[in-house]
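Everything below concerns the one structure shown next.
None of the figures in this text is laboratory data; all of them are computed from the coordinates on show. Just so we're clear, the structure is a prediction, and the values are computed from it rather than from any experiment. No Cβ is skipped: glycine too gets one built from the backbone with ideal geometry, and neighbour counts run over all protein chains shown.
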């Protein structure tokens, strides 16, 4: 009888941990589909892209980020990366001039990432979701692959 009670208790604890972990995981404010608001965004250096959609999915202790859009010249853009919140570099796909990215969670509404080429930091990106969850504002500072200073403010609306 005692073994059965302990087994039941162990199963209950394990299931509770999974459920609570899923709830905490799903509560990440960064997660969702975000549409680029070109009119509210500022790109230096320009020009701004024509459009873009940012999809952020929850991953264990991190995020999976996919960006689709059209650049200023009308070329298709596709980027993917899945950084953890641990600040360690992970590979990127399609990110112009960068081959890795790292990310840290600052608070429930803010993440900060650093894109790098060959281990050298290029651009620091800070993304803040508004308290109402409807807007995501991303600021980027650093130097791009062409050696130009970057100072962007990119605004996304939740879809």
Could you say whether any residue in segment 31-54 is closer than 25 Å to residue 87 by Cβ, part of a loop (DSSP other than H, G, I, E, B) and in contact with a strand residue (DSSP E or B) (Cβ under 9 Å, 6 or more places away or on another chain)?
-> yes
Segment 75-96, residues that are assigned to a loop (DSSP other than H, G, I, E, B), touching a strand residue (DSSP E or B) at 6+ places or on another chain (Cβ under 6 Å) and over 15 Å from residue 63 (Cα atoms) | 94, 95
Matching entry among 47, 60 (being exposed (fewer than 14 other Cβ atoms within 10 Å of the Cβ), in contact with a helix residue (DSSP H, G or I) (Cβ under 8 Å, 6 or more places away or on another chain) and either free of Cβ contacts under 8 Å to residues at least 60 places away in the same chain or under 22 Å from residue 128 (Cβ atoms) (or both)) | 60
